[in-house]
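Report on the following structure.
Throughout, read-outs are computed from the coordinates displayed, never taken from laboratory work. All values derive from a computational prediction rather than experimental measurement. Reconstructed Cβ throughout: ideal geometry from the backbone, glycine too, with neighbour counts over all protein chains shown.
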Amino acid sequence: MLSRRETLSTALKAVCGISASVASPLGTLLATPAAAQPPLRSPAEWTIPFGAALRDGPLADEPDYRAAIVKHCRQVVGEGGLKWFDLRPSRERFVFDQADKQLNFATGNGLELRGHTLVWYGAMPDWTKTIASAAEAERELVGHIETVMGRYRGRIKSWDVINEPIPDDPASRSDIRPSIWQQRLGESHIALALRAAARTDPAAKLIINEYDIEFVGDRFRRKRDAMLRLVRDLKLRNVPLHGIGLQGHLRGDLAIDREGLSAFVSEMRALGLEVLVTELDVVDDRLPAPPELRDMLVAARAYEFLQAIHAAARPTAVLTWGITDKYSWVPLWFKRGDGQPNRPLPLDEAYRPKPLMRVLEHFGQGPR
Ligand code: XIL
């Protein structure tokens, strides 16, 4: 009979195309059952701050959820709360309740809250469709940024000012995703927003956040190229911008373009930009069902991703999009055909660390 290690390592090769040598951290993971692993290091000992996205329901109702966040994180970000849909039910009104609660929780527990997000095509309230002219769009966008960033000035120190500016399959290097801002102002809305953000909180880190940067395939290469074009252009024109967020919604069934990703990160560093991982999780709808095997494949995919980034530069933060499999956005879009729950995140549904958490710790802690 095959040993546990042999079975997992064969599957790793077959499904992910990854071979884990005995000496590698993945090899150690394969060889050591969860129960036999040493305790995780405390968040303060990690040299790269780790964090996770917060969901408001369990944040309000579930002590175990709050405890898990405090136990593992140095940073948090709201899954919602600072999106237009949440803040702006009508043109006249700003509703800060959700974001204020998140900030109180963060501050009360010594965590940094990241701001997500000021400019995005998604989660827009219906009334924004009535924005009719360039002048009106400029007024609304700048006013929104001044009010929201102004309220949290000095308290939210890093903002995803721009979220997902590049289309899923860019037609050219200068393709920008449609949104009300793009329709009314063209690409200049990006510089406009970044400049308004820098004026409102000059000390804040201003980030452009994007997904699908990391996989093998033409579509993803085009996405990297388009992102690079946009960022180079902004830097050339001295538009304030401090970093790039790689969302990192990885796919269990898609290989990482290690060379392409490393080269992309190097280019960003050469432009003087930080690189953050902002929304890491591993979509597991097409992975084999057995949980132990699936958890290993999820961990392996994240390993491949983080290794390729680290080959070029150390990210300045790593955040996952949720902390526990119990609360994840993944089933909204990627439910499994066999009805089994998704397992995309670092803790299982009972808040026990999974192999993914060990991979995060490995890259996050720096040298032992
Ligand atoms: C998702 C949230 O997780 C969901 O709860 C919400 O309903 C929709 O948005 N990329 C992003 C995030 O930048 O804002 C998205 O969050 C997930 C994909």
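At a glance:
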quantity	calculated
Positions within region 89-111 being of a type in the set (Gly, Ala, Ser) and within 14 Å of residue 73 (Cβ to Cβ), in sequence order	106, 108, 110
Pair list, Cβ < 6 Å and 6+ apart or interchain, from region 186-214 residues that are farther than 17 Å from residue 115 by Cα to residues that are away from the ligand (no atom under 16 Å from the Cβ) and among the basic types (Lys, Arg)	213/224
Of all residues making up region 26-47, the number that are in a loop (DSSP other than H, G, I, E, B) and surrounded by fewer than 12 Cβ atoms within 10 Å (Cβ to Cβ)	5
Number of positions in region 214-242 that are surrounded by fewer than 22 Cβ atoms within 10 Å (Cβ to Cβ), within 22 Å of residue 191 (Cα to Cα) and within 18 Å of the chain's Cα centre (by Cα)	1
Candidate set: region 153-212, residues that are under 23 Å from residue 104 (Cβ atoms), in a loop (DSSP other than H, G, I, E, B) and among the small types (Gly, Ala, Ser); chosen: the one nearest to the ligand (Cβ to nearest atom)	204
Selection within region 258-270 - closer than 30 Å to residue 287 by Cα and either small (Gly, Ala, Ser) or surrounded by fewer than 20 Cβ atoms within 10 Å (Cβ to Cβ) (or both)	258, 259, 260, 262, 263
Residue check, residue 113 over 17 Å from the mean Cα position of the chain (by Cα) and free of Cβ contacts under 8 Å to residues at least 60 places away in the same chain	no
Criterion: surrounded by fewer than 21 Cβ atoms within 10 Å (Cβ to Cβ) and either closer than 30 Å to residue 3 by Cα or hydrophobic (A, V, I, L, M, F, W, C) (or both) - qualifying residue of 295, 281, 253	253
Elements of type strands (runs of 3 or more DSSP E) contained in region 243-359, each with 3 or more residues being among the hydrophobic types (A, V, I, L, M, F, W, C) and within 16 Å of the ligand (Cβ to nearest atom)	274-283
The lone exception for residue 142 - which of (1) in contact with a helix residue (DSSP H, G or I) (Cβ under 8 Å, 6 or more places away or on another chain); (2) not in a helix (DSSP H, G or I) it fails	(2)
Residue selected from region 317-350 under the condition of a type in the set (Val, Ile, Thr) and touching a helix residue (DSSP H, G or I) at 6+ places or on another chain (Cβ under 9 Å), by the criterion nearest to residue 281 (Cα to Cα)	320
